[in-house]
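Student: My questions all concern the structure below.
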Amino acid sequence: MSFEVLFVCTGNICRSPAAERLFRAGLRTGALLTVTSAGTSGLTGYPIDGRTARALQELGIDTDGHRARRVERQMLRASDLVLTAAIEHRAAVLRAEPSLLSRAFTLREFGRLSAESNEARPSAAPTDAELRTRVAAIARQRGMAGPAGPAENDIADPYGAPLEIARATVAQILQEVDVALAGLGLRQEHGPRVRPLTKRG
């Protein structure tokens, strides 16, 4: 058994692969998870969008090897945690697999709720069972938190936008991924999360 995290956006070429790569880069030593991504309208076989790839590379993130895929019910059923770019993607996930109600969140929602949860975070690399318990505790916060709309939940799609927008989107995803990792007890405890690899320009 392993804990499986799935990131979902629209085309699986910008937001979800960026979140996938940044999440992997931020994992604490000893954490063994399966981290993947897919799109509700996945551009099957495409690499990461050029501007998003450049923004990730500037942070030292390897973008090679990504091939976009469309989300399928089987991969949803196998996921212990689904984190989406926007409310529309979470809705699509739940239409396809209603059993994920307590395991599917927008990325921003998950971070917000995890910060409000009183569930103790493991001090060592958590087990699969501890991670599932943590996700369940975070899901229970939904009944206590106030309603939030797209402005509080969505990460805008940078596809087709200038490089500066791609950089801003990747920076936002990095921030949200860092919060999610902390909420799960999986964030690196020492050193910078990622380091710039090249000078912007």
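Student: Just need a number here: residues in the range 131-148 that are open to solvent by 60 Å² or more (accessible area, probe 1.4 Å) and in contact with a Lys or Arg (Cβ under 9 Å, 6 or more places away or on another chain).
Tutor: Selection size over the range 131-148: 1.
Student: Check N118 against each of (1) farther than 22 Å from G26 by Cβ; (2) modelled with pLDDT of 95 or more; (3) of a type outside the set (G, A, S) and name the one condition it does not meet.
Tutor: Unmet for N118, out of (1) farther than 22 Å from G26 by Cβ; (2) modelled with pLDDT of 95 or more; (3) of a type outside the set (G, A, S): (2).
Student: Here's something else I'd like to know. Output the number of residues of the range 1-57 satisfying the condition of being β-branched (V, I, T) and out of contact with any Lys or Arg (no Cβ under 9 Å at 6 or more places or on another chain).
Tutor: At the first step, the residues of the range 1-57 found to be β-branched (V, I, T) are 5, 8, 10, 13, 29, 34-36, 40, 44, 48, 52.
Checking the rest, the ones that are also out of contact with any Lys or Arg (no Cβ under 9 Å at 6 or more places or on another chain) come to 5, 10, 13, 29, 34.
Of the residues in the range 1-57, 5 are β-branched (V, I, T) and out of contact with any Lys or Arg (no Cβ under 9 Å at 6 or more places or on another chain).
Student: Any residue in the range 128-138 that is modelled with pLDDT of 95 or more and in a strand (DSSP E or B)?
Tutor: Within the range 128-138 (the criterion being modelled with pLDDT of 95 or more and in a strand (DSSP E or B)), the answer is no, since none of the residues qualifies.
Student: Of G50, G39, G30, which residue is under 13 Å from L186 (Cβ atoms) and not acidic (D, E)?
Tutor: On the way: G50 fails: under 13 Å from L186 (Cβ atoms); G39 fails: under 13 Å from L186 (Cβ atoms).
Of the residues listed, the single one that is under 13 Å from L186 (Cβ atoms) and not acidic (D, E) is G30.
Student: Working only within the range 149-159, note down all residues that are of a type in the set (A, V, I, L, M) and either at pLDDT 85 or above or surrounded by 15 or more Cβ atoms within 10 Å (Cβ to Cβ) (or both).
Tutor: Restricting attention to the range 149-159, the residues satisfying the condition of being of a type in the set (A, V, I, L, M) are 151, 155-156.
Within the range 149-159, I155, A156 qualify.
Student: Now for a separate question. Take the range 19-52 and flag every residue that is in contact with an Asp or Glu (Cβ under 9 Å, 6 or more places away or on another chain) and of a type in the set (G, A, S).
Tutor: A19, A25, G26, S37, A38
Student: When you scan the range 1-81 for helices (runs of 4 or more DSSP H) that lie fully inside it, which ones turn up with 1 or more residues that are more than 13 Å from the chain's Cα centre (by Cα)? Spell out the reasoning first.
Tutor: Working: elements: 15-26, 50-57, 73-78.
Here the list reads 50-57, 73-78.
Student: Further question on the same structure: Go through (1) at pLDDT 95 or above; (2) open to solvent by 30 Å² or more (accessible area, probe 1.4 Å) for V177 and report which single condition fails.
Tutor: (2)
Student: For the range 67-84, what are the residues that are in contact with a helix residue (DSSP H, G or I) (Cβ under 9 Å, 6 or more places away or on another chain) and open to solvent by 10 Å² or more (accessible area, probe 1.4 Å)?
Tutor: As a first pass, look at the range 67-84 and keep what is in contact with a helix residue (DSSP H, G or I) (Cβ under 9 Å, 6 or more places away or on another chain): 68-69, 71-73, 76-77, 79-84.
Those that are in contact with a helix residue (DSSP H, G or I) (Cβ under 9 Å, 6 or more places away or on another chain) and open to solvent by 10 Å² or more (accessible area, probe 1.4 Å): R69, V71, E72, R73, R77, D80.
Student: Identify, please: which residue in the range 85-104 is more than 13 Å from A38 (Cα to Cα) and outside any helix (DSSP H, G or I) and is, among those, most open to solvent (accessible area, probe 1.4 Å)? Spell out how you get there, then give the answer.
Tutor: Residues of the range 85-104 more than 13 Å from A38 (Cα to Cα): 86-88, 91, 94-104.
Narrowing further to those that are outside any helix (DSSP H, G or I): 86, 97, 101-104.
Details: A86: 3, E97: 12, L101: 102, S102: 60, R103: 63, A104: 0 Å².
This residue is L101.
Student: Those residues that are β-branched (V, I, T) and in contact (Cβ under 8 Å) with a residue 60 or more places away in the chain, I need them from the range 2-46; list them, please. Write out each step before concluding.
Tutor: So the first thing to find is which residues in the range 2-46 are β-branched (V, I, T), and the list is 5, 8, 10, 13, 29, 34-36, 40, 44.
Correct list: V5, V8, T10, I13, T29.
The values are calculated or read from the model by the stated rules, or taken from the named source; none is laboratory data. The structure displayed is predicted, hence computed values, not measured ones. Cβ: placed from backbone, ideal geometry, glycine included. Neighbour counts: every protein chain shown. Accessible surface areas use protein heavy atoms only, side chains included; no ligands, DNA or RNA. Shrake-Rupley method; radii C 1.70, N 1.55, O 1.52, S 1.80 Å.
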